[in-house]
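Contents: one structure, followed by commentary.
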Amino acid sequence: MIATPDLIESLAANMKPVRRLRPPVTRAACWLLLAAMVVALLAVSQGIRPDLAQRLHDPAFTVGMAGAALTGVLAAIAAFLVSLPDRSRLWLVLPAPAVAIWLSNIGYQCLTQWISMGPNGVSLGEATRCLATLVLTGLPLSLAMLVMLRYAAPLRPTAVTFMGSLSVAAITATALSLFHAGDATLMIIMFNIGTAAMFVGLGSLFGRRMFEWFAPRPDIRG
Amino acid sequence: MTEPNGRPPQLRLVDAAPAVPEPTIRDTDWAILMAHAQDGDRSAYQRLLREITPYLRSLAARRHRDPSDVEDAVQDILLTVHAIRHTFDPTRPFGPWLVTIANRRFIDRLRRARAQADRETPLMPEHETFSEPQANLEERPDKYELEKAIDELPPMQRKAVRLLKLNEMSLKEASTASGMSIASLKVNVHRAVKSLRKILGDRSEP
């Protein structure tokens, strides 16, 4: 073991000037801009669902989508805030109201759709396209967030991963409900929950390890 | 033993931890030093690290009893501070930033120590007893077979495999013990293992 004064010497001797991080809200905004770009690109390539305008008149649909989008935005902001050592952990509850709106709306739709369609009403035709949307939205956003929040690895990896996953899940869910239409609403709803559960689950399983790959190494040699 | 007012001392359910100096007074100093350090001022950085070390040590002393654990924890925190020094915002107080990093490192270290304690068992005399040859009678025939096979090897190979494999010497030790060069030891032990594999029949590949 190296003696502490020697460690300080070598850390100071090999120090390079660093650029301070921008304010967390700005960085969250950058990430959200990326998310908006990804969704927009997907909209160009896959095409918006044909009955979007008509669906937007349905308050349940609009509220649900707004809830999902809001969850994405708030969870991203919370993730960027909580990743800093000197911010309160109470920021973690920031997306809670939006999550409540989103999930209660899903639950409500689930119930009404189930009653109107019955258990045989689920079609699987769009499953592959849905999956493509899911991967194309979720993967780049997750990676970008992982890289942007890498310095949180020695601090609060679990909380930050959870918030980040929630944000990615909510944005993916918004994208899904923008692009995939039709009778498969119930499936979309289930996809919503499934995606959220998947991202949050994967995040908590592997987030810590992934963070360690990207984590800034305390390099003594500078 | 009584206190000045004549009453017996009250029992307190707290650790006799050393009082931790509050960082508030030096907070602005440290924040300024860190801001300079972020801009590349080495002497400011060195002064900052030197000044926070006793404070970190007093924080660590509340969590660890073993002085070397305390020192390890302090170094861990210093390294973390170094790695994420760009996350400090000079417009905000330095103390909470430092204390959060310190606490997260303490929690991580304690968690890791517990995981290690769950996974590992201390080496007891009985573990050594059971690994001794006398306690493992059924392995003996193998051993005789191996000894016989080694005796059949050419002398250089025999010496190399005895020193490096049976006596578990390092290449350097074996080289001083036998007078053979490290390269020739490597070659001979490689050949020896190859021919032993042939003599004993390769059991690793069915």
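The values are calculated or read from the model by the stated rules, or taken from the named source; none is laboratory data. Note that the structure is a prediction, hence the values are computed from the model and not measured. Here the Cβ is made from the backbone with ideal geometry for all residues, glycine too, and neighbour counts use every protein chain on show. Each accessible area value is taken on the protein alone, full model and side chains, heavy atoms only, with ligands, DNA and RNA left out. Shrake-Rupley method; radii C 1.70, N 1.55, O 1.52, S 1.80 Å.
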Q: For region B:86-154, please list each of the helices (runs of 4 or more DSSP H) lying entirely inside it that holds at least 1 residues being surrounded by 14 or more Cβ atoms within 10 Å (Cβ to Cβ) and at pLDDT 80 or above.
A: B:94-119, B:140-151
(Q) Please count how many residues of region A:135-165 are facing chain B (nearest Cβ under 10 Å), in a helix (DSSP H, G or I) and either of a type in the set (A, V, I, L, M, F, W, C) or under 14 Å from the mean Cα position of the chain (by Cα) (or both). (A) 1
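Do we find a residue being at pLDDT 85 or above, open to solvent by 20 Å² or more (accessible area, probe 1.4 Å) and in a helix (DSSP H, G or I) anywhere in region B:21-34? Break it down into steps so the answer makes sense when it comes.
First, pick out the residues of region B:21-34 that are at pLDDT 85 or above: B:30-34.
Among the residues that remain, those that are also open to solvent by 20 Å² or more (accessible area, probe 1.4 Å) are: B:32.
Remaining after also requiring in a helix (DSSP H, G or I): B:32.
Looking through region B:21-34, at least one residue is at pLDDT 85 or above, open to solvent by 20 Å² or more (accessible area, probe 1.4 Å) and in a helix (DSSP H, G or I).
Name the one entry in B:38, B:75 that is open to solvent by less than 60 Å² (accessible area, probe 1.4 Å), touching a Phe, Trp or Tyr at 6+ places or on another chain (Cβ under 8 Å) and at the interface with another protein chain (Cβ under 10 Å from one of its Cβ atoms). Working first, answer last.
Values: B:75 fails: touching a Phe, Trp or Tyr at 6+ places or on another chain (Cβ under 8 Å).
One residue alone meets the criteria, B:38.
Would you list the helices (runs of 4 or more DSSP H) that sit entirely within region A:1-75 and hold 1 or more residues that are β-branched (Val, Ile, Thr) and farther than 20 Å from residue A:134 by Cβ?
The qualifying helices (runs of 4 or more DSSP H) are A:4-13, A:24-46.
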Q. Mind checking which residues of region A:18-47 are over 30 Å from residue B:83 (Cα atoms) and within 19 Å of the chain's Cα centre (by Cα)?
A. A:36, A:37, A:38, A:39, A:40, A:41, A:42, A:43
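So, residue B:46, is that one in a helix (DSSP H, G or I) and within 7 Å of chain A (Cβ to nearest Cβ) or not? Don't jump to the end; show me each part of the working.
Working: in a helix (DSSP H, G or I): yes; within 7 Å of chain A (Cβ to nearest Cβ): yes.
When the stated conditions are applied, residue B:46 passes them.
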Q | Every residue from region A:53-66 that is more than 12 Å from residue A:175 (Cα to Cα) and either in contact with a Gly (Cβ under 7 Å, 6 or more places away or on another chain) or surrounded by fewer than 16 Cβ atoms within 10 Å (Cβ to Cβ) (or both) | A | A:53, A:54, A:56, A:57, A:58, A:59, A:60, A:62
Q. Here are some residues: A:95, A:23. Which one is out of contact with any Pro (no Cβ under 6 Å at 6 or more places or on another chain), within 14 Å of another protein chain (Cβ to nearest Cβ) and modelled with pLDDT of 85 or more?
A. A:23
Q: Say whether the condition of being modelled with pLDDT of 80 or more, surrounded by fewer than 20 Cβ atoms within 10 Å (Cβ to Cβ), of a type outside the set (S, T, N, Q) and within 21 Å of residue A:95 (Cα to Cα) is met by at least one residue in region A:193-214.
A: no
